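The values are calculated or read from the model by the stated rules, or taken from the named source; none is laboratory data. Given the structure is predicted, the values throughout are model-derived calculations rather than measurements. For neighbour counting, all protein chains shown are included, and Cβ atoms are generated from backbone atoms with ideal geometry for every residue, glycine included. Keep in mind that these areas ignore ligands, DNA and RNA; they rest on the heavy atoms of the full protein, side chains included. Shrake-Rupley method; radii C 1.70, N 1.55, O 1.52, S 1.80 Å.
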Amino acid sequence: MDINRGDYMDPFGKYNSIISARATDKRILKKSQDGGIVSAVFIYGLENGLLDGVIVADKGEKFKPVPKVATTPEEVIEAAGTKYTVCPNISLLKSAVREYGCDRIGVVGTPCQIISTKKAIKYPVGFRHLTDKIALTVGIFCMENFPYNGMKTVVEELCGIRLEDVVKVDIGKGKFWVYTKWGETKSVKLKETHPYEQIACHVCTDYTAELADISTGSVGSPDGWSSVFLRTKKGEEIINKMVDEGYLETKPIDEGKFGLGILKKLALTKKEKNLKEIEYRKELGLPVPIIE
Amino acid sequence: MVTVAYVQLSGCCGCLISLSDTYEKLIDILNSIDLVYCQTLADAREIPNADIIMVEGAVCLDDHHAMEVAKEVREKGKILVALGACSAIGGITRFCKGGQMPKPVQGSFSALSEVVKCDLAVPGCPPSPELIVNVIIAVLNGDMEYLSPFAKYAESTSTSCGCDLITNVINKSLCMGCGVCTSSCPTRAIEMIEGRPLVSSELCIKCGVCSFQCPRIELPKGVCQLDEE
Amino acid sequence: MAKTINITPTTRHEGHAKLILEVEDNEVVNKAYYINTTPVRGFETMLVGRPAEFAPIAVMRICGICQTTHGTASCAAIEDAIGCEIPKDGRLLRELVALGNRMHSHPLHHLLTADDFIKPEEKDLRVEAIKLIQRMRKTGQLVVDIVGGEGIHPPNIVIGGMRTNISERAKAKLYYALKQYEKDAYNMYEIYTGLIERYLEEIGIPDLGSHTYPYIASHTTFGDKEAIKWDRVVEIPPQRYYENREVAESTSVMIPLYEGVPVEGGPRARMAKFGNFKIGGGAMDINIARAKENLGAVYRAMEILDELNINGKSKVTPEYKDGSGIGVHEAPRATNAHFAEVGKDGKIKSYKIIAASTWNFPIVEKAIEGYPHQHAEVIMRAYDI
Ligand SMILES: Cc1cc2nc3c(=O)[nH]c(=O)nc-3n(C[C@H](O)[C@H](O)[C@H](O)COP(=O)(O)OP(=O)(O)OC[C@H]3O[C@@H](n4cnc5c(N)ncnc54)[C@H](O)[C@@H]3O)c2cc1C
Ligand code: SF4
Ligand code: SF4
Ligand code: SF4
Ligand code: SF4
């Protein structure tokens, strides 16, 4: 990544390959945000002994996410779908190993959460006998996040939907979409949601979870499909196995404007915009989380 | 072979136990260094000159002997490592205030790094076995890049505590709510509320782990590389 | 002519200490002083005015080897003070976490004493023993990691019970680890007792380190404050115990006495009081008792796993009121007692600790006296101070 060392304009970080993919299991697709990659990978891992516990963002009351250690496919499916608000998944890293007794943990998180996890692995000061048990990290693309009440404002005030009625929230085609259990769909221009973003996101330059084993998101692939970066050998192995065994169907990523092109554009937009913010804060003498 | 001395001041021995919790690997570690002094594990009674001296525990300023040892380790160690919160940044000894029998006059404890110049200071109560091994290996290999966060801690004189998350992260518009501070805390003093850490001042023992672990305070270079696993 | 021998610092044990031995012409110790020179961090005064929840977290940091026992005794004292009854499964988990600690601490002691009994040329045996010990310690620490939340300074031991219960997977994991421990502990017992018997035979002093003082113990695997008559216990300053001014000035431990005399606590005391272990033997008997206690610990730990309901409540919310209480736990090294006075504001009014090892400080002196000074440290180490 090396954000402020010149090569930051590398949009995606290191990876071995990128594909478009989606889960074949209908149960997953019914609940998942996009191609159900995250849930499918975790379920495959749990069912085949590669993982014995995964940290996910479960749905709580009124769309408030709660981190959870899931140990069964059912629990993974329950937690599928994106919550556009902060869910401190990494806060469960230790419980997963201690009271849950897991030896092979899968972690899903936004790029920043993957960075935290990687720092914990590299510098496990407070992580006794833990980091060797992180078996797989799955990153989800992320442009920005919302505080809970920020998301609430967008959903309830801008879109006019009660949170209790929401079944799905999505961002796409320049809009923030809300789907209700009564079958309604409301949307608002993404631009209008900016005032409700988490400001700490504005110093973040990682769009595609550049340090994860696998990173995935919707951008760059058709509706219902996901773009998937295979970054490490571990990540590649599990995806390849899943494809071979029919858990995932894949197709080459569209190299054009609406595929890799847009993905690249968004990644670079995030980097440029937020690097400016970093520079600005530095000028003010404020701390930024980067060292030489 | 590189000579290593392990010296204990006012600590609890937990940092050494952490090192020994490398279990079967301990023998390999001991074989890769020349442990010239470690009162809890071996019989040498005099601290010799050593390439690396690791010190556990704070310095009791009201104890003549402890003050001498603090001076001695600086003189005798080429690289002086303040290992663990007590030695590096104060930790639980920040709460000491004396008055207890039978030594009512002993009440002032300072981190070793406040008393003599240390080369590296490692927070944690205790630091994990894996981290201690990483530090030893990095010192053996002269990997200053890996060690740079610890070199910084050795220079800083500020007190570490859970409040650092407030002042250095939340107040600075940097907290994105990952939760790694929560899982790192050895006393479970941190809860995530509305995506932000809430530190219980009842439970915080000023070990410095949460703020060390936060990627928004410091993101060492090595973390940002995708190693090929 | 009589002479004085100083051994400073004493090695292969926790903390800082020295031995001052007055020795006769025949090399036999006439008078022994075992002086703890560790500065006093003052956990008792540190806690006054602090919230009760801080107490177990803080006192664990008295000792990184037996943190669990301090946390346990601390919570028990505060619960006793406010009349808080902890749920059954919390109680089981607490006993289990502390047994895990014993199952690591005892083997650690075998590690520290190994060089007293294994000869320098027995390199393979040494490596084999260390490997075995480390595997046992790993299991002990695994129990503390899982049940207590951290192997060193377990934060799940909280006032009101245990912070969380464990999962089915964690329980199974512990079960298999304990099974292996059982085998290892037996193996270790055989090796260790063999070495000790050989040692005693070679030095020709079968009762090395014997003394005539009584024992103190409250329970075999946990702790029971009712088993000890606390009105018979006093803790006196060293100035009152030692005639030698210099010694009195330099030591950092208070001297606990039971019915006016020092008492031995620890594995032998427990096994003699609650079993039929030999009374009045040499100090090496304590080493043997310790190795045997590993077996008792693992059996009880397995029993607890059977009894434990993983869906059971592990904790109640404490309600503070004015009161004072006693918390007792059998630490690896002896009876650990905490005395807490708590206010209804949930703050500590006063706090007192008789840490396990301190019982044995005066006993070590008695045990060394009458034997050749060359063996003084070996005797001291048997007490795992
Ligand atoms: C805040 C946010 C912003 C995003 N921005 C973009 C974007 O700009 N472009 C893009 O292509 N994709 C973005 N995504 C990712 C996208 O919405 C999907 O999450 C991703 O494609 C995975 O879908 P899936 O069908 O493979 O996963 P699913 O099978 O639906 O699983 C998703 C997994 O993510 C977990 N999760 C959900 N919300 C959170 C959260 N807030 N924090 C941590 N974990 C969570 C769930 O528990 C579940 O395990 C964003 C996601 C989040 C959380
Ligand atoms: S924008 Fe960055 S900091 Fe904000 S949630 Fe996404 S990855 Fe985290
Ligand atoms: S840092 Fe913690 S573990 Fe280390 S000596 Fe201090 S109290 Fe003990
Ligand atoms: S580790 Fe830092 S960024 Fe993450 S939740 Fe804690 S304070 Fe916030
Ligand atoms: S909050 Fe926890 S991790 Fe942070 S300094 Fe306090 S005890 Fe250490």
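Here are B:ALA58, B:ALA44, B:ALA66: which of them is free of Cβ contacts under 8 Å to residues at least 12 places away in the same chain and facing chain C (nearest Cβ under 9 Å)?
Going through B:ALA58, B:ALA44, B:ALA66 in turn, just one is free of Cβ contacts under 8 Å to residues at least 12 places away in the same chain and facing chain C (nearest Cβ under 9 Å): B:ALA44.
If you go through the stretch A:6-48 one residue at a time, how many are open to solvent by 20 Å² or more (accessible area, probe 1.4 Å) and within 16 Å of ligand 2 (Cβ to nearest atom)?
Summing the residues that are open to solvent by 20 Å² or more (accessible area, probe 1.4 Å) and within 16 Å of ligand 2 (Cβ to nearest atom) in the stretch A:6-48 gives 3.
Looking only at the stretch B:140-159, which residues are open to solvent by less than 20 Å² (accessible area, probe 1.4 Å) and more than 10 Å from chain A (Cβ to nearest Cβ)?
Residues satisfying the conditions are B:LEU147, B:ALA154.
Please find, among C:ILE146, C:ILE159, the residue that is within 22 Å of C:GLY90 (Cβ to Cβ) and within 14 Å of chain A (Cβ to nearest Cβ).
Every option except C:ILE146 fails the conditions.
Looking only at helices (runs of 4 or more DSSP H) that fall completely inside the stretch A:65-135, which ones have 1 or more residues that are within 9 Å of chain B (Cβ to nearest Cβ)?
Because the criterion is at least 1 residues that are within 9 Å of chain B (Cβ to nearest Cβ), the helices (runs of 4 or more DSSP H) in the stretch A:65-135 that meet it are A:93-97, A:111-122.
Which one of these does A:HIS194 not meet: (1) out of contact with any Leu (no Cβ under 7 Å at 6 or more places or on another chain); (2) part of a strand (DSSP E or B)?
For A:HIS194, the failing item is (2).
Has the stretch B:165-186 got any residue that is within 16 Å of ligand 3 (Cβ to nearest atom) and outside any helix (DSSP H, G or I)?
Yes, the stretch B:165-186 contains at least one residue that is within 16 Å of ligand 3 (Cβ to nearest atom) and outside any helix (DSSP H, G or I).
Look through the stretch B:38-52, keep the residues that are over 25 Å from C:GLN67 (Cβ atoms) and outside any loop (DSSP other than H, G, I, E, B), and return whichever of them is most open to solvent (accessible area, probe 1.4 Å).
B:ASP51
Which condition breaks for A:ILE18 when tested against (1) over 24 Å from A:LYS168 (Cβ atoms); (2) in contact with a strand residue (DSSP E or B) (Cβ under 8 Å, 6 or more places away or on another chain); (3) not in a strand (DSSP E or B)?
Just one mismatch for A:ILE18, condition (3).
Tell me, which residue of the stretch B:200-224 that is open to solvent by 40 Å² or more (accessible area, probe 1.4 Å) and more than 8 Å from chain A (Cβ to nearest Cβ) is nearest to C:ARG50 (Cα to Cα)?
Filtering first and then ranking leaves B:GLU202.
Name the single residue, out of those in the stretch B:113-136 being out of contact with any Pro (no Cβ under 6 Å at 6 or more places or on another chain), within 13 Å of another protein chain (Cβ to nearest Cβ) and open to solvent by 20 Å² or more (accessible area, probe 1.4 Å), that is farthest from A:LYS118 (Cα to Cα).
By that ranking, first place goes to B:PRO126.
Among the residues of the stretch B:119-129, how many are in contact with an Asp or Glu (Cβ under 9 Å, 6 or more places away or on another chain) and either more than 8 Å from ligand 3 (Cβ to nearest atom) or not in a loop (DSSP other than H, G, I, E, B) (or both)?
3
Looking only at the stretch A:111-129, decide whether some residue is β-branched (Val, Ile, Thr) and more than 15 Å from ligand 4 (Cβ to nearest atom).
The answer is no; no qualifying residue exists.
Yes or no: the stretch A:134-151 includes at least one residue that is of a type outside the set (Val, Ile, Thr), more than 16 Å from ligand 1 (Cβ to nearest atom), open to solvent by less than 30 Å² (accessible area, probe 1.4 Å) and in the same structural domain as A:ALA212 (by TED's automatic domain parsing).
No; the residues of the stretch A:134-151 include none that is of a type outside the set (Val, Ile, Thr), more than 16 Å from ligand 1 (Cβ to nearest atom), open to solvent by less than 30 Å² (accessible area, probe 1.4 Å) and in the same structural domain as A:ALA212 (by TED's automatic domain parsing).
Yes or no: A:ILE114 within 13 Å of the chain's Cα centre (by Cα) and either free of Cβ contacts under 8 Å to residues at least 60 places away in the same chain or in the same structural domain as A:PHE229 (by TED's automatic domain parsing) (or both)?
yes
Out of all the residues in the stretch A:21-57, which are within 14 Å of another protein chain (Cβ to nearest Cβ) and within 9 Å of ligand 1 (Cβ to nearest atom)?
Matches in the stretch A:21-57: A:VAL54, A:ILE55, A:VAL56, A:ALA57.
Pick from the stretch B:78-112 the residues that are more than 9 Å from every other protein chain (Cβ to nearest Cβ) and in contact with a Lys or Arg (Cβ under 8 Å, 6 or more places away or on another chain): which of them is farthest from B:MET144 (Cα to Cα)?
Here the residue is B:ARG94.
Which condition does C:ALA98 not pass, out of (1) within 14 Å of another protein chain (Cβ to nearest Cβ); (2) of a type in the set (Gly, Ala, Ser); (3) in contact with a helix residue (DSSP H, G or I) (Cβ under 7 Å, 6 or more places away or on another chain), if it passes all the others?
So the condition that C:ALA98 fails would be (1).
Filtering the stretch B:24-37 down to residues that are free of Cβ contacts under 8 Å to residues at least 60 places away in the same chain and either in a loop (DSSP other than H, G, I, E, B) or facing chain C (nearest Cβ under 7 Å) (or both), which residue is most open to solvent (accessible area, probe 1.4 Å)?
My answer is B:GLU24.
If we scan the stretch B:109-117, do we find a residue that is of a type in the set (A, V, I, L, M), over 25 Å from B:GLN225 (Cβ atoms) and in a helix (DSSP H, G or I)?
Yes, the conditions are met somewhere in the stretch B:109-117.
Within the stretch A:238-287, which residues are touching a Lys or Arg at 6+ places or on another chain (Cβ under 8 Å) and open to solvent by less than 20 Å² (accessible area, probe 1.4 Å)?
Correct list: A:LEU248 only.
Which of the numbered conditions does C:ARG50 fail, given that it passes all the others? Conditions: (1) facing chain B (nearest Cβ under 9 Å); (2) open to solvent by less than 10 Å² (accessible area, probe 1.4 Å).
Status for C:ARG50: all satisfied but (2).
What number of residues in the stretch C:327-360 are open to solvent by less than 20 Å² (accessible area, probe 1.4 Å), in a strand (DSSP E or B) and among the charged types (D, E, K, R)?
Result for the stretch C:327-360: 1.
For the stretch B:9-22, indicate whether the set of residues that are open to solvent by 40 Å² or more (accessible area, probe 1.4 Å) and outside the structural domain of B:ALA189 (by TED's automatic domain parsing) is non-empty.
No: zero hits.
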